[in-house]
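**Student:** Submitted below is the structure of interest, expressed as structure tokens.
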Amino acid sequence: MRPLGASPVRLVRLGRAAYGESLAAQERCVRRHLEGPGEAPDRLLLWEPAGPTYTVGLRGLAAAWATEEERRLRALGAAFQRVPRGGLLTFHGPGQLVAYPVLDLRRFGLPLRGYVAALEGLAVAACRRLGLRHARALPPPCTGVWLGGRKVCAIGVHCGRHITSHGLALNCCTDLTWFDHIVPCGLEGKEVTSLSQELQRHVSVEEATEPFLAAFQEVFKCTLTEESLRSKGTSTPII
């Protein structure tokens, strides 16, 4: 097994992107891993949702309420997406920093539970770098990162043949009223918050990005190298 952090992780900045575009980019990365085991590079896809989207994970896909919820939430003016990750309903929208690490866990010596704990540690470290020293992870079922009873970062992952996808969403300056229409992640009685709300000032996705990337390298003991989405002089995606 290769030692933790033995090779760099490629950073792909998608910028502001539609949810479907980010999923397509992620799927291309996963497919590279599955088609050439041990050959494809690990990547971190970083992006901000261009518009409001509700997503439901594996635990809610077959639920009787899913279709009716889709109709209700679409009527609010949001998109609705079924995705193969852990967790129930959550929201993605402008003002969120979303990270999709596509990693071969064998390279990092991490079991799935250890990986989820690493993502929580990453988000905690990023929050603390930004001044929220009381950010912490809570015991299951409260995955993610919390400030008291308020959730600032949601986590939902998928792992198949040791390759991870999906990841986490850190609320920077998100419009939190979108969460009022759902029970986020199925946790009754829990509030959702943002960096801006907790710090009582505007915290943009751009401001949160560099502390987040520094925390990623610290937690995963790796270096990040920038990778362009497209080859020079062509419109063909390279991932």
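Laboratory data are not the source of any read-out in this text; all were calculated from the coordinates shown. Since we're looking at a predicted model, the values are computed, not measured. Using ideal geometry, Cβ is built from the backbone for each residue, glycine included, and neighbour counts are taken over all protein chains shown.
**Student:** Only one of these is surrounded by fewer than 18 Cβ atoms within 10 Å (Cβ to Cβ), under 14 Å from the mean Cα position of the chain (by Cα) and not basic (K, R): P84, P111, P139, P101. Name it.
**Tutor:** Working: P111 fails: under 14 Å from the mean Cα position of the chain (by Cα); P139 fails: under 14 Å from the mean Cα position of the chain (by Cα); P101 fails: surrounded by fewer than 18 Cβ atoms within 10 Å (Cβ to Cβ).
Checking each option against the conditions leaves just P84.
**Student:** Can I ask one more? What do you reckon, is A214 within 23 Å of V102 (Cβ to Cβ), touching a residue at least 60 places away in the same chain (Cβ under 8 Å) and either touching a Cys at 6+ places or on another chain (Cβ under 9 Å) or part of a strand (DSSP E or B) (or both)?
**Tutor:** No: the conditions fail for A214.
**Student:** Could you grab me the full set of residues in the stretch 155-175 that are of a type outside the set (A, V, I, L, M, F, W, C), in a loop (DSSP other than H, G, I, E, B) and within 15 Å of the chain's Cα centre (by Cα)?
**Tutor:** Result: T174, single match.
**Student:** Separate question: Exactly one of these conditions fails for G87: (1) farther than 26 Å from E210 by Cβ; (2) in contact with a His (Cβ under 7 Å, 6 or more places away or on another chain); (3) of a type outside the set (S, T, N, Q); (4) not in a helix (DSSP H, G or I). Give me its number.
**Tutor:** Failing condition for G87: (2).
**Student:** Can you tell me which residues in the stretch 192-213 are closer than 21 Å to E120 by Cβ and surrounded by fewer than 16 Cβ atoms within 10 Å (Cβ to Cβ)?
**Tutor:** Of everything in the stretch 192-213, those that are closer than 21 Å to E120 by Cβ and surrounded by fewer than 16 Cβ atoms within 10 Å (Cβ to Cβ) turn out to be L199, E210.
**Student:** In the stretch 157-181, what count of residues is obtained for those that are β-branched (V, I, T), under 22 Å from V116 (Cβ atoms) and surrounded by fewer than 23 Cβ atoms within 10 Å (Cβ to Cβ)?
**Tutor:** Residues flagged as β-branched (V, I, T), under 22 Å from V116 (Cβ atoms) and surrounded by fewer than 23 Cβ atoms within 10 Å (Cβ to Cβ) within the stretch 157-181 amount to 2.
**Student:** Taking the stretch 114-154 only, how many residues are touching a residue at least 60 places away in the same chain (Cβ under 8 Å) and part of a strand (DSSP E or B)?
**Tutor:** Count: 1.
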